[in-house]
Each structure stands twice: as C-alpha cells, then as structure tokens.
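Chemist: Please find one structure pasted underneath; my questions will follow.
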Amino acid sequence: MFNTDMLRLIWAALPFMSRFAVDRTVQKVRAVRHSYTYKAVPEPRNVVVIGGSFAGIMLVRRLSETLPTGYRVVLIERNSHIHYVFNFPRFSVISGHEAKAFIPYNNIVGGAPKGIFEQIRGTVKSVTDKDVLLESGERVPYEYLSIATGCSQPFPARLKPTEKAAGCAELRSFQKRVDAAGSIALVGGGAVGVEMAADIKSFFPEKKVTLVHSRAQLLPRFGKRLHDHASKALTDLGVELKLQERPTISKHDENDVDASGQSTLRFKDGHEEHFDLVIPCTGQRANTDLIDGFLPDTISKTTGEIKVDQTLQVTGDKIYPNILALGDVAETGGPKMGRAGAFQAEIVCQNIVAMIHNQKPWATYRPNEAEGAIKLTLGKGEHCMYMKMFNGTEILLPQSGGSDELEVRRFWGEFGVDMDKDSEL
C-alpha cells in the first residue's frame, strides 16, 4: 500500500540530509588538513565547554577539527560516562541492558591532533568573566566559554549518580521496584511518561498501569495526530489514561527514588486511588545554577533558560560575546531535542572560530523542521516516527521491530567506542 506519509517524510528530510551529507564531507576533508596544520603549543588559550551531553560532545568534536594553533578545547564534565538518557526509561523497566546506557568518553575526538583537546572531570562551582571554578578548587581560564549543561528532570529521565556503577545500581534497583509493583501510576504525559507506561505494560501485561496527565493532549509539544496515535497504542496495551488531572499525592514510602514510591492519588472529583508505585515524569528545569550569581540578567524569567541571540551568544542587559550557550539550557526557540543540539553546535563552533580570527560572528541559528522530529517508542517492538512541518502538516509513520536495547549500539559507534569491547569501561 502506498504510504503518502513516507513520501512526505522523505521529501521533507531530503534537503536536510543532503545538506548534512555535503557539509560533513567538506568538514572531514578540512579536518584531515587541519590535523596536519595544527601544532600543539606549551600554553594554548582555552575554549571551554561545560557539559558533555549530546550538544556538548558535538561542539567539542567540531572545535577539535577547526580550532587554530594556539587554542585548544577543554571539556568540563562531572559524569564518568556519557549518559544516554534516551534509553533510561526503557532500562529502568527491563534488566540486563543498563550498562549500555553509559558510554565512555575515551574516544569522542578520535583522530584529533595532539594537544587540541583536554577533558577535565569535575563539577563547576561558579563562573567568572575569566575562568571556571570547580568544586575541587581548580580554576580553568578561558578565552571563550560554551555552556551546554542541559536540564534536570526526575528519575528516570535523568540520574543523579555521576559514576557508571552507581547509575547502573540505581536502574537495577528501580527495575526491582517495577517488578514488585502490582499497580503503577505515571504522572506526566510527555515522551518519558508515554514511553515508560507503554514499556511497563508491554513487558509486564499483568500489571495495572495508569498514565495521568494534566492536559487534554498527550505529548503537548507535538501535534494532535501524535496524541491520537499514542493514546490508541496505550489504550490497546491496556494502559488507563486519566487526562486533565492534577492529582495530589500522599506518599507512603520514604525510601524511594526522587518522589516515586507507594502513594495515594487524589483526583479532582475527590476519589482516591492507591498505587504500589507512583513515578513522576514532569519537572524539567534548565541547569543554570553555575551562572546565576555571575550573570543573573541572562536567565529568562519566563523559561528559566539562558537567553541567547541568533548567534547563540549569551544576552542579558548586554551581549556577552565570548560566552555562548546551546542545547536544552539555552532559550533558542528551537525544540529540546538532540538533533537541535547538533545544529546549534555547528553555529557555536563557526562563531567562535570567526571571533578568534577577529571577525564578526556570522552564523545564525534558526530552527528547522527536521530538528523537531521524534522517534517515540510505544512498547516492546513498536514505535513511530513523527514530524510536524512549519505549515502544520503532520507526518506519522508507525513502525514495528527493533531490539529491547533500542539501537543504543549504533550510538556507541557514533561516539567512537565498540559496545562489545568497551562496555566495561
């Protein structure tokens, strides 16, 4: 049967895919030339990147391919491994895969010239106009600073442990709680809540699973067509949906992860329901604490994110030309997706290199349609691809198949490591 959505998706994605392929080919050629022309020097000037999640890594990679002699990129990251957060909801439900969600940093700039990259493991305490202060007391001076600290969310969207072993232990502990619970409620109908509700019900069909959401539409950042598809998929699995509800929670279990545990939910009509496990899937907050005291005027009062202009330079009462922000922490107007972070990394890289060469930053960021596309899992072996065009057209492709580990192996390869050989690192 002819699928018009598939044709629309190909037609919409082709310009971006073609441009990306051409741009990346040119970048690789230039990177090879750069590897021969760059020379390490005793005291290089630092281009510091705070945050080693997806956007930060993409920026570090591009800077390591383009910075001129006399400069180096320094990545400051508190975690021992890359947290592959996209798989946390699935790996908090099923066992045996949790180690795959923690990817080593040891080859993120493979092939880069000697002396152009340094990684510092540490937690940032504060930032000044000249350096970054770590909790260890170390000061890291910078000429240019990029903030890619992302956002904070409750478990399972994010984990608090900074060591891989502790992160794996937290996921395994939660797997046991899911396994032991006969009734589970998830509060929040964004991507995490929808995916986790579908996972629990498809891997444990005997459990009572309820998804509670404050709005009439699931996945409110996307269109109604995705809501309709996700609602039907959840209902077909046997998940009970309670929309337009903001229940109050009475906790009965203090030994828990974040706010989850045995709880009673009281709904707007007054009735109460007890659940063995209540999992909060709301509460995303931009990680701006490190500059709250330094540049309070740059924090948006509406979103809590760092204000930036189209060049992704940080703005407040004035523009701070040598400080830039990207990814989920930045108020860019774009979607909070990994793909958007990659596009923004290229903008930041080009503008930093331009300023190093005493040129005006010229690259500007404008969100594109491809950045907002999402692959939404809807239980074991089921998912869909969704994209909303700027003209309002919604493209949705239901798909079946795939592994329990959700293609994480491919991303290990993209980060320069072999999952089979390096999974214990």
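The values are calculated or read from the model by the stated rules, or taken from the named source; none is laboratory data. Values in this document were obtained by computation on a predicted structure and should not be read as measured data. Virtual Cβ from ideal backbone geometry, glycine too; neighbours counted across all protein chains shown.
Chemist: Mind listing just one residue for me: the one in the stretch 284-334 that is among the basic types (Lys, Arg) and not in a strand (DSSP E or B) and, of those, surrounded by the fewest Cβ atoms within 10 Å (Cβ to Cβ)?
Modeler: Lys301
A quick yes/no check of all residues on (1) outside the structural domain of Val93 (by TED's automatic domain parsing); (2) charged (D, E, K, R):
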{"position": "Asp328", "(1), (2)": "no, yes"}
{"position": "Gly334", "(1), (2)": "no, no"}
{"position": "Gln344", "(1), (2)": "no, no"}
{"position": "Ala354", "(1), (2)": "no, no"}
{"position": "Arg366", "(1), (2)": "no, yes"}
{"position": "Leu376", "(1), (2)": "yes, no"}
{"position": "Glu394", "(1), (2)": "yes, yes"}
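Chemist: Now a separate question. Output the residues belonging to the stretch 223-239 that are touching a Lys or Arg at 6+ places or on another chain (Cβ under 6 Å) and either surrounded by 21 or more Cβ atoms within 10 Å (Cβ to Cβ) or at pLDDT below 95 (or both).
Modeler: Gly223, Val239
Chemist: Is it the case that the stretch 269-283 has a residue that's assigned to a loop (DSSP other than H, G, I, E, B), of a type in the set (S, T, N, Q) and touching an Asp or Glu at 6+ places or on another chain (Cβ under 8 Å)?
Modeler: Within the stretch 269-283, none of the residues are assigned to a loop (DSSP other than H, G, I, E, B), of a type in the set (S, T, N, Q) and touching an Asp or Glu at 6+ places or on another chain (Cβ under 8 Å).
Chemist: Within the stretch 152-179, restricting attention to residues that are outside any loop (DSSP other than H, G, I, E, B) and of a type in the set (Ser, Thr, Tyr), which residue is surrounded by the fewest Cβ atoms within 10 Å (Cβ to Cβ)?
Modeler: The selected residue is Ser173.
Chemist: Select, from Gly182, Gly188, Gly193, the only residue that is among the small types (Gly, Ala, Ser), assigned by TED's automatic domain parsing to the domain that holds Gly392 and surrounded by fewer than 20 Cβ atoms within 10 Å (Cβ to Cβ).
Modeler: Just a single option satisfies the conditions, and that option is Gly182.
Chemist: Restricting to the stretch 120-151, name every residue that is touching a residue at least 60 places away in the same chain (Cβ under 8 Å) and part of a strand (DSSP E or B).
Modeler: Val124, Lys125, Ser126, Val127, Val132, Val140, Pro141, Tyr144, Leu145, Ser146, Ile147, Cys151, listed by residue number.
Chemist: Could I ask something else about it? How about the stretch 277-294: which of its residues are touching a strand residue (DSSP E or B) at 6+ places or on another chain (Cβ under 7 Å) and of a type outside the set (Val, Ile, Thr)?
Modeler: Of everything in the stretch 277-294, those that are touching a strand residue (DSSP E or B) at 6+ places or on another chain (Cβ under 7 Å) and of a type outside the set (Val, Ile, Thr) turn out to be Leu277, Pro280, Cys281, Gln284, Arg285, Ala286, Asn287, Leu290, Asp292, Gly293, Phe294.
Chemist: Sort through Val73, Val93 and tell me the only one that's outside the structural domain of Ser202 (by TED's automatic domain parsing), in contact with a helix residue (DSSP H, G or I) (Cβ under 8 Å, 6 or more places away or on another chain), among the β-branched types (Val, Ile, Thr) and closer than 29 Å to Ile395 by Cβ.
Modeler: Val93
Chemist: Out of (1) surrounded by fewer than 20 Cβ atoms within 10 Å (Cβ to Cβ); (2) in a strand (DSSP E or B), what's the single condition that is false for Lys421?
Modeler: (2) is the only condition that Lys421 fails.
Chemist: Turning to a different aspect of this structure: So Val47 ticks every box in (1) crowded, with 23+ Cβ neighbours inside 10 Å; (2) assigned to a helix (DSSP H, G or I) but one. Which box is left unticked?
Modeler: (2)
Chemist: How many of the residues in the stretch 266-305 are out of contact with any Lys or Arg (no Cβ under 8 Å at 6 or more places or on another chain), farther than 25 Å from Phe88 by Cα and either at pLDDT below 90 or not β-branched (Val, Ile, Thr) (or both)?
Modeler: 13
Chemist: Of all residues in the stretch 112-158, which are at positive phi and either out of contact with any Lys or Arg (no Cβ under 7 Å at 6 or more places or on another chain) or not assigned by TED's automatic domain parsing to the domain that holds Glu331 (or both)?
Modeler: Selection gives Gly137, Gly150.
Chemist: I need the full set of residues from the stretch 356-398 which are surrounded by fewer than 21 Cβ atoms within 10 Å (Cβ to Cβ), at pLDDT 95 or above and polar (S, T, N, Q), in order please.
Modeler: Across the stretch 356-398, the qualifying residues are Asn358, Gln359, Thr364.
This table checks each residue for (1) without any contact (Cβ under 8 Å) to a residue 40 or more places away in the chain; (2) assigned to a helix (DSSP H, G or I); (3) in the same structural domain as Asp276 (by TED's automatic domain parsing).
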residue	(1), (2), (3)
Glu206	yes, no, yes
Leu211	yes, no, yes
Ala216	yes, no, yes
Arg221	no, no, yes
Ala230	no, yes, yes
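Chemist: Restricting attention to the stretch 241-261, does a residue exist that is modelled with pLDDT under 95, touching a His at 6+ places or on another chain (Cβ under 8 Å), of a type outside the set (A, V, I, L, M) and part of a strand (DSSP E or B)?
Modeler: Checking the stretch 241-261: at least one residue is modelled with pLDDT under 95, touching a His at 6+ places or on another chain (Cβ under 8 Å), of a type outside the set (A, V, I, L, M) and part of a strand (DSSP E or B).
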